[in-house]
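First the structure, in the form of structure tokens, and then the observations on it.
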Amino acid sequence: RRARKALDKAGSRGDADDFHDLRKAAKTHGMHLSLLGRLWPTPIKARRKAVDELGEKLGELHDVFVLRTLLDAGERPLGSAQETRLLSKLLRRSEKSLKKTCLVAAADLFGERPRR
């Protein structure tokens, strides 16, 4: 349930904090799957792999958010103005791509209500 809420927020607002909450929810879900995997290793294995991959992509996205924040602060230039503009452009492109990838993967994992 927490992961689905985080997915909804990340999809609608797209803030760094929303994606961070989604990552935390994915990590928690991964820990739960790890425990369940001891009881049912075969059915849990594929889902656990997908959750771990989502966590990695969300971690990459977090790194992009942090770099953009540092770059936008502009207190200590990381290079020439031209290099900074290029880096900013590449980070925006990477952020857009990672957001899309993460939202699709998270929707596959958490989009439907759990069956009871």
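See the values below:
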item	result
Selected residue (only one of Lys100, Lys96 is under 15 Å from Gly11 (Cβ atoms), surrounded by fewer than 12 Cβ atoms within 10 Å (Cβ to Cβ) and modelled with pLDDT of 95 or more)	Lys100
Asp15 buried (at least 16 other Cβ atoms within 10 Å of the Cβ) and not β-branched (Val, Ile, Thr)	no
Filter result (surrounded by fewer than 19 Cβ atoms within 10 Å (Cβ to Cβ), of a type in the set (D, E, K, R) and under 13 Å from the mean Cα position of the chain (by Cα)) within the stretch 22-56	Lys24, Lys27, Asp52, Glu53, Glu56
Residue check, Leu54 more than 27 Å from Glu95 (Cβ to Cβ), of a type in the set (A, V, I, L, M, F, W, C) and assigned to a helix (DSSP H, G or I)	no
In the stretch 64-89, residue farthest from Ala50 (Cα to Cα) [restricted to those that are within 18 Å of the chain's Cα centre (by Cα) and not basic (Lys, Arg)]	Thr69
Residue match in the stretch 63-82 (condition: modelled with pLDDT of 95 or more and not hydrophobic (A, V, I, L, M, F, W, C))	yes
Residue among Leu67, Leu39, Leu33, Leu91 that alone is out of contact with any strand residue (DSSP E or B) (no Cβ under 8 Å at 6 or more places or on another chain) and assigned to a loop (DSSP other than H, G, I, E, B)	Leu39
Given (1) surrounded by 15 or more Cβ atoms within 10 Å (Cβ to Cβ); (2) in contact with a Ser or Thr (Cβ under 8 Å, 6 or more places away or on another chain); (3) free of Cβ contacts under 8 Å to residues at least 40 places away in the same chain, number of the condition Pro77 does not satisfy	(1)
Residue within the stretch 9-19 that is touching a residue at least 40 places away in the same chain (Cβ under 8 Å), under 15 Å from Asp108 (Cα atoms) and not polar (S, T, N, Q) present	yes
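The values are calculated or read from the model by the stated rules, or taken from the named source; none is laboratory data. Since this is a predicted model, take the numbers as computed values, not measurements. We place every Cβ from the backbone using ideal geometry, glycine too, and count neighbours over all the protein chains shown.
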